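Here the structure comes first, spelled out in structure tokens, and everything after it is commentary.
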Amino acid sequence: IDNLARLQQLKLQNNHFEGQLPLGIGRLTQLREVNISNNRYAVRVYDQDAWVFELRGIDGQLPIEWGQLAVIETLDLSGNRLDGVVPDSFASLERLQSLHLHDNLLSG
């Protein structure tokens, strides 16, 4: 995805994506809007003679590299399993008008 140098919008909300956010998105310098919200979901798994629900989705920390998104205006990462703190590099997102990080596991 980081080869799409002219990409201005990335909308991947309401899916069942798992794993960490791609670092390469920080190199997409023309991005104005990113929406990767609501990728948290529960699955039913069999574990030691019982069915249990396991929460899955996008997890890990916010990439420091995303602080390089110089023209980003809207960033919505709500409804995932992100943890840690918001990187200091996000303070350089001078054009950012809308930031949605609710419904995660962030602290700080």
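Rounded to the nearest percent, how much of the accessible area of the chain (1.4 Å probe, protein heavy atoms only) is carbon and sulfur? Intermediate results must be reported in sequence, preceding the final value.
Values: 3010 of 6730 Å².
Whole-percent figure for carbon plus sulfur exposure: 45.
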Return the percentage of antiparallel bridges among DSSP beta bridges fully within the chain, rounded to the nearest 5 %. 30 percent
Give, as a single signed number, the net charge of other residues whose beta carbon lies under 9 Å from the beta carbon of V43, with Lys and Arg counted +1 and Asp and Glu -1. +1
Highest-fluctuation residue, Q13, Q48, Q68 considered, GNM on the chain with Cα pairs under 10 Å: Q48
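What does the charge count near L55 come to, summing +1 for each Lys or Arg and -1 for each Asp or Glu among other residues with Cβ under 9 Å from its Cβ?
Values: positive: R40, R56, R81; negative: E54.
Result for the local shell: +2.
Note down the relative contact order for the chain as a percent, whole number, built from C-alpha pairs under 8 angstrom at least six residues apart. Before the final figure, lay out the partial values.
Details: 266 pairs, mean separation 27.5, N = 108.
Here the relative contact order equals 25 percent.
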What percent antiparallel are the DSSP beta bridges of the stretch 32-86, to the nearest 5? 55 percent
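The values are calculated or read from the model by the stated rules, or taken from the named source; none is laboratory data. Model, not experiment: these values are computed from the prediction. For neighbour counting, all protein chains shown are included, and Cβ atoms are generated from backbone atoms with ideal geometry for every residue, glycine included. Heavy atoms of the whole protein, side chains included, go into the accessibility calculation; ligands, DNA and RNA do not. Shrake-Rupley method; radii C 1.70, N 1.55, O 1.52, S 1.80 Å.
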